[in-house]
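Accompanying notes for the structure given below.
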Amino acid sequence: MTRYVALLRGINVGGVRIKMADLAALFTDLGFGNVRTVLASGNVLFDADDTAVDLKRSIERALTDRFGYDAYVFVHPQSYLSAVADAYPFDEHVDGQHAYAVFVADESVLGELAALTDTLDPAVERIAVGDGVVYWEVEKGETIGSVFGKKIGASRFKAVTTNRNLRTVRKLCESPI
């Protein structure tokens with residue numbers, strides 16, 4: 001049995017509203033164990049024996065069927081999120097800065113986003129590529145309007161990227177098994 005984290009993209013921030021109790025019930029109905037939601041932004045911890053690829057497919061299908069929206073889910077072992085958090089290359093405690101991990105499910109998109117490194121204003125934002133993620137440090141108040149923020153906000157990336165602030169990633173790692 002593996003402890004997994006499901007990161008749902010785009011719920012409770014736009015038009016798609018899902019109560020965490022309903023989300024937890026769906027995961028329980030799918031037969032997963034030890035289900036726990038974290039925050040109201042689409043983070044679910046659960047135990048399962050299947051592969052992350054199979055889990056992604058079944059969870060996306062169930063979300064679409066039950067809640068009527070095009071679901072995009074990133075499923076990773078909890079240990080992977082711990083490694084992502086531990087590898088954050090910037091100082092995550094700088095006043096006036098946000099620390100993010102952008103999870104990327106497509107290698108070509110990861111490369112495209114990494115290519116932005118030299119085009120960014122380091123006084124506003126910096127990025128670094130990790131294992132399936134782009135680490136992003138951005139000035140508070142500039143998240144949506146920055147060069148990188150605009151890029152990852154493009155609709156063509158909605159199926160292959162989702163971001164979490166590093167505090168959330170750490171909270172998901174600290175959650176008991």
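Summary table
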| read-out | value |
| --- | --- |
| Residue in segment 73-93 that is more than 25 Å from residue 171 (Cα to Cα) and not charged (D, E, K, R) present | no |
| Pairs, first outside the structural domain of residue 158 (by TED's automatic domain parsing) and free of Cβ contacts under 8 Å to residues at least 40 places away in the same chain in segment 60-72, second in a helix (DSSP H, G or I) and of a type in the set (Ser, Thr, Tyr), C-beta under 9 Å, six or more apart | 70/64 |
| Top-ranked residue of segment 137-156 - restricted to ones that are polar (S, T, N, Q) and in contact with a strand residue (DSSP E or B) (Cβ under 8 Å, 6 or more places away or on another chain), ranked as modelled with the lowest pLDDT | 143 |
| For residue 57: the one exception among (1) without any contact (Cβ under 8 Å) to a residue 12 or more places away in the chain; (2) within 18 Å of the chain's Cα centre (by Cα); (3) more than 22 Å from residue 133 (Cα to Cα) | (3) |
| For residue 90: the one exception among (1) under 30 Å from residue 140 (Cβ atoms); (2) assigned to a helix (DSSP H, G or I); (3) free of Cβ contacts under 8 Å to residues at least 60 places away in the same chain | (2) |
| Number of positions in segment 157-177 that are out of contact with any His (no Cβ under 9 Å at 6 or more places or on another chain), at pLDDT 90 or above and assigned to a helix (DSSP H, G or I) | 8 |
| For residue 32: the one exception among (1) crowded, with 21+ Cβ neighbours inside 10 Å; (2) within 26 Å of residue 137 (Cβ to Cβ) | (2) |
| Any chance residue 109 is free of Cβ contacts under 8 Å to residues at least 24 places away in the same chain and of a type in the set (A, V, I, L, M) | no |
| Residues of segment 68-104 satisfying the condition of being of a type in the set (A, V, I, L, M, F, W, C) and crowded, with 17+ Cβ neighbours inside 10 Å | 71, 73, 74, 75, 81, 84, 85, 99, 101, 102, 103, 104 |
| The listed residue being within 13 Å of the chain's Cα centre (by Cα), among the aliphatic types (A, V, I, L, M) and farther than 16 Å from residue 90 by Cα, out of 172, 166 | 172 |
| Per-region count, segment 41-87, residues under 19 Å from residue 158 (Cα atoms) and in a loop (DSSP other than H, G, I, E, B) | 7 |
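The values are calculated or read from the model by the stated rules, or taken from the named source; none is laboratory data. Note that the structure is predicted; figures quoted are calculated from it, not measured. Cβ sites come from the backbone with ideal geometry, for glycine too, and all protein chains shown count toward neighbours.
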